[in-house]
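Encoded as structure tokens, the structure appears first; notes follow it.
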Amino acid sequence: MRSLLYGMGLLGLCALQTSIAGASSLQVSPTRLEKVLPETAGVITLRNGDSKPVRVQVRVFRWSQVMGIERLDPTTDVVASPPVAQIGANNQYTLRVVRVSKKPVAAEESYRVLVDELPDPSQMKNGNVNFTVRFSLPVFFRAAETQAGQVSWNIRRGNGGYLLSGTNTGATKLRVKDVQLLQNSRIIPIKKDVAGYVTAGGSAQFELGSAKGLVAGPAILKLDTDKGPVEVNVNVSN
């Protein structure tokens, strides 16, 4: 099984759902799992709101962020059971996610559970265009006494606009949303719904768009996090 690489912002704040075409009746809850050892297991409920059964495939990957790239690597430290399931019409199914590794947890461990709705073979035989849906669910395991996330921020101009970079030297993730940027007492317009994670020991990037009026120099970054609101001075470079 090969590693999967994703661009900036693809693995978002909650469950990522993508589809090739159409709409899916498949739903998942909760949209993330966070476990503090010695608790090592959690459950995810899959709901099928369609009048026909659906088949799903479930895989678990170790999740890391390297220089702004989201990386998913095969792992045997955490498993999902069952790996393949059929969910009856208007029914639900319980998926169990378990950390089976006996290694001690130093920094918080980050994983992604990928739930793929598999194509309907009967539709494929009829020559119809089918679609699949993927949910990408973040899963975290940490020890009870773990250093909080410590994230440093900077902004630079990229090929498609400005990029907000966060580097986490702490031992737990930081979840961010509601990002605002101010410079010279003026609110700088940026992309809507900038949100996501900076994993423990990771380096994430978030696209801000053209950020009209932003110039090189100091600015003020405001954002909401799972640890509370944050306001920091950041440097902007071109």
Take the Cα coordinates of segment 34-138, assign each an equal point scatterer, and use the Debye formula without solvent to give log10 I(q)/I(0) at q = 0.23 Å⁻¹. -1.25
Tell me what the chain gives for mean residue ellipticity at 222 nm when only DSSP H runs of n ≥ 4 count, each as -39,500 (n - 2.57), the sum divided by the residue total, rounded to 500 deg cm²/dmol. -500 deg cm²/dmol
Residue by residue through segment 107-113, the couplings from Karplus 6.51 cos²θ - 1.76 cosθ + 1.60 with θ = phi - 60°, in Hz, x for Gly and Pro, are 8, 4, 9, 10, 9, 10, 9
Filtered hits (lysines, Cα-Cα < 24 Å from Lys103, offset >= 8 within chain) -> Lys35, Lys173
Rank by packing, highest mean first: peptides 165-171, 180-186, with packing defined as the count of other Cβ atoms within 10 Å averaged across residues. 165-171, 180-186
Using the Cβ atoms and a cut-off under 12 Å, what net charge is assigned to the surroundings of Ser210, where Lys and Arg are +1 and Asp and Glu are -1? +2
Suppose a student asked you for the relative contact order of the chain, using Cα pairs under 8 Å spaced at least 6 residues apart; what percent would you report? 20
Taking square-rooted eigenvalues a ≥ b ≥ c of the alpha carbon gyration tensor, is the chain rounded, prolate or oblate, where a/c under 1.5 means rounded and, failing that, a/b exceeding b/c means prolate? oblate
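Computed from the coordinates by the stated procedures, all read-outs in this text should not be read as laboratory data. In this text, all values refer to a predicted model and were calculated from it rather than measured experimentally. Glycine gets a Cβ as well: all are built from the backbone with ideal geometry, and neighbour counts include every protein chain shown.
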